[in-house]
1. From ASP100, ASP56, ASP91, which residue is surrounded by fewer than 12 Cβ atoms within 10 Å (Cβ to Cβ) and under 18 Å from the mean Cα position of the chain (by Cα)?
2. Just to be sure, is ILE105 among the β-branched types (Val, Ile, Thr) and either touching a residue at least 60 places away in the same chain (Cβ under 8 Å) or open to solvent by 60 Å² or more (accessible area, probe 1.4 Å) (or both)?
3. If a residue must be open to solvent by 80 Å² or more (accessible area, probe 1.4 Å) and under 15 Å from TYR92 (Cα atoms), how many such residues does segment 25-53 contain?
4. Output the number of the condition that MET1 fails; it satisfies all remaining conditions of (1) in contact with a strand residue (DSSP E or B) (Cβ under 7 Å, 6 or more places away or on another chain); (2) modelled with pLDDT under 95; (3) not charged (D, E, K, R).
5. Would segment 23-30 turn up any residue that is of a type outside the set (S, T, N, Q), in contact with a Ser or Thr (Cβ under 7 Å, 6 or more places away or on another chain) and assigned to a loop (DSSP other than H, G, I, E, B)?
6. For the list (1) touching a residue at least 24 places away in the same chain (Cβ under 8 Å); (2) surrounded by 12 or more Cβ atoms within 10 Å (Cβ to Cβ); (3) acidic (Asp, Glu), I need the number of the one condition that GLU22 fails.
7. Specify the residue that is farthest from ALA104 (Cα to Cα); the eligible residues are those in segment 34-71 that are assigned to a loop (DSSP other than H, G, I, E, B) and at pLDDT 95 or above.
Amino acid sequence: MDDLAGDDTSFIADDVREMIREVAESVIKKETPFKASMVEEHTSAVIEEVLKRLTDQRKPFKYVVTVSITQRAGMGVHMATSTHWDPNHDDYAICRWEGDHMYAIVAVYGAQI
């Protein structure tokens, strides 16, 4: 997924969602045990790699990336998003990644410059 498809002014949510999944799997790894002391490190690593891959595309967007990591312990997590922007150019992608011991919810918002 080198170019995330689309032309230079497109934010393709499905492609970004797949990239998020790839990053989470490569950075956190499915079998990684949950340790509260490591959540900040995992969160930062996912954000940095997602932003790196997005900015490498050199598309005219400002990005916001959020990551929430929680232990897989039988409890539910709900997340909601509301945006006010140009629906013809701006978009977002959210991916829920599951490992054996934790969940990560990663959201990427792209606002065209």
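1. Values: ASP100 fails: under 18 Å from the mean Cα position of the chain (by Cα); ASP91 fails: surrounded by fewer than 12 Cβ atoms within 10 Å (Cβ to Cβ).
Just a single option satisfies the conditions, and that option is ASP56.
2. Working: among the β-branched types (Val, Ile, Thr): yes; either touching a residue at least 60 places away in the same chain (Cβ under 8 Å) or open to solvent by 60 Å² or more (accessible area, probe 1.4 Å) (or both): no.
No, not satisfied.
3. 0
4. (1)
5. Checked against the condition, which is being of a type outside the set (S, T, N, Q), in contact with a Ser or Thr (Cβ under 7 Å, 6 or more places away or on another chain) and assigned to a loop (DSSP other than H, G, I, E, B), segment 23-30 yields no hits at all.
6. Unmet for GLU22, out of (1) touching a residue at least 24 places away in the same chain (Cβ under 8 Å); (2) surrounded by 12 or more Cβ atoms within 10 Å (Cβ to Cβ); (3) acidic (Asp, Glu): (1).
7. Filtering segment 34-71 down to residues assigned to a loop (DSSP other than H, G, I, E, B) leaves 34-35, 57-60.
Among the residues that remain, those that are also at pLDDT 95 or above are: 34-35.
Numbers: PHE34: 11, LYS35: 13 Å.
The residue in question is LYS35.
The values are calculated or read from the model by the stated rules, or taken from the named source; none is laboratory data. What you are looking at is a predicted structure, and each value in this text was computed from that prediction instead of being measured. Counting neighbours? That spans all protein chains shown, and the Cβs are built from the backbone with ideal geometry, glycine included. For accessibility, only protein heavy atoms count, side chains too; no ligands or nucleic acids. Shrake-Rupley method; radii C 1.70, N 1.55, O 1.52, S 1.80 Å.
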